[in-house]
């Protein structure tokens, strides 16, 4: 070796293995004394640096674990390779060399004569050094179920190399090839193969899905599910909105009780009709149309012929165009709701309307994901769609992702507040909060953004409580006469008497002022709801921009369409 390489190696050794200062045995003309009993020389093994050794051991363990899985056979050139071999290669051996002071670089012995002084890789080390340089911290999650601890340990191990000389530290140089690593995840009694970097998310999230929902998964839908889920707001953001909208906690429970009290054994069928006529309309219009159709269908002798039912709908719903006023989205489901022998077995076409029906029939684990839930999350409502069959309402990966997040939030709030939160209650309160905030920010004379309204505490419990629900609407002057004309006057009076006590209690202790909120940090909740509000503000800007662009579309002749 030449002087330059000697110097480089000496600096490295001095840094990794500092030597103790000479021991001063006595004072005198000489600062040290020689211990004549000490051996002249002693052969010892080169010490292993514990920090770098830990990195080597960790990376080797990950490689061994990852080699249990193989890259899909169809991947060109690397199909059938062990994942550890592909992603990690000879990196453990290279790092082990570092642990014993064997640096990967050297100065060519012939530097200054037939070679330059530029450091070069030692012979036989190119491949292992390359594998190490390409080793990213994102390789760790390949173990799927052990992804979180692996990532944590990986970061700690990688940090242990950050002070080493150039060429000896491990850097994350970009995305790895772990997408090609396919690992199995157990869902129910089946195993779904999915990219390793999605496995941990899927394993956790499927616990918040029903067996029927889990049964819908295939490898491709599982991947899309994870992508949709990770794009949604966090459970903390959902929880903050639910707390903000808790003045309407009990929306479904109250509506279900009202429907059962008024319609008795027909309650499941009326709930199905109410759900069937809910798309693309307000709560008030939905109830008006459903009550009118029910009244006129009953008066007509409850026909089961499809054409007669459509005619009844045309004579009943809002609008002046008869059957042309009936939305196509209402027809098939309404016919099904009014003709099915057992409404308890009915599956409505479309995940939102089917979930809504089940919520109104008392199923609190179901989640109704509609346009307002999409608005809250700032996602395209179309992601909630899926393949509709005679036995499936069409819950796609996006719908299932929202279900999983809402149910996760329900468990989180229950633990946080000490009071039970059902998935239906999370959805109804988030829905009420988002709808109230968005409409308030867009109301006439209101110049504040949604974020500013949150900062000003302008979204009060009273404002949230004014969000319409079916129970309170039954007493409304617009709907009470319809019920009475349909022969439900006595039932309506019974409902009023049964709910009077609950309404009085709500007046004594205002909704939203219960002990639930005391378990939460008000400032943290505010910050989370500001984040939620930012999405609603962004949604408004997107809609305004889209409206402007539509208005400014140019025809081929240059005029506005």
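We did not get these values from a lab; they are worked out from the coordinates using the rules stated. Because the structure is a prediction, the values reported are computed rather than measured. Using ideal geometry, Cβ is built from the backbone for each residue, glycine included, and neighbour counts are taken over all protein chains shown.
Of interest is the spacing of the C-alpha centroids, which for the stretch 315-345 and the stretch 194-267 amounts to 27 Å. Taking other C-beta atoms within 10 Å as the exposure proxy, 235, 248 rank 235, 248 from fewest upward. Ranking of 342, 197 by neighbouring Cβ atoms within 10 Å, starting from the fewest: 342, 197. Sorting 125, 448 from the fewest to the most surrounding beta carbons within 10 angstrom yields 448, 125. Both the radius of gyration and Dmax for the stretch 193-300 are 19.8, 60 Å, in that order, over alpha-carbon atoms.
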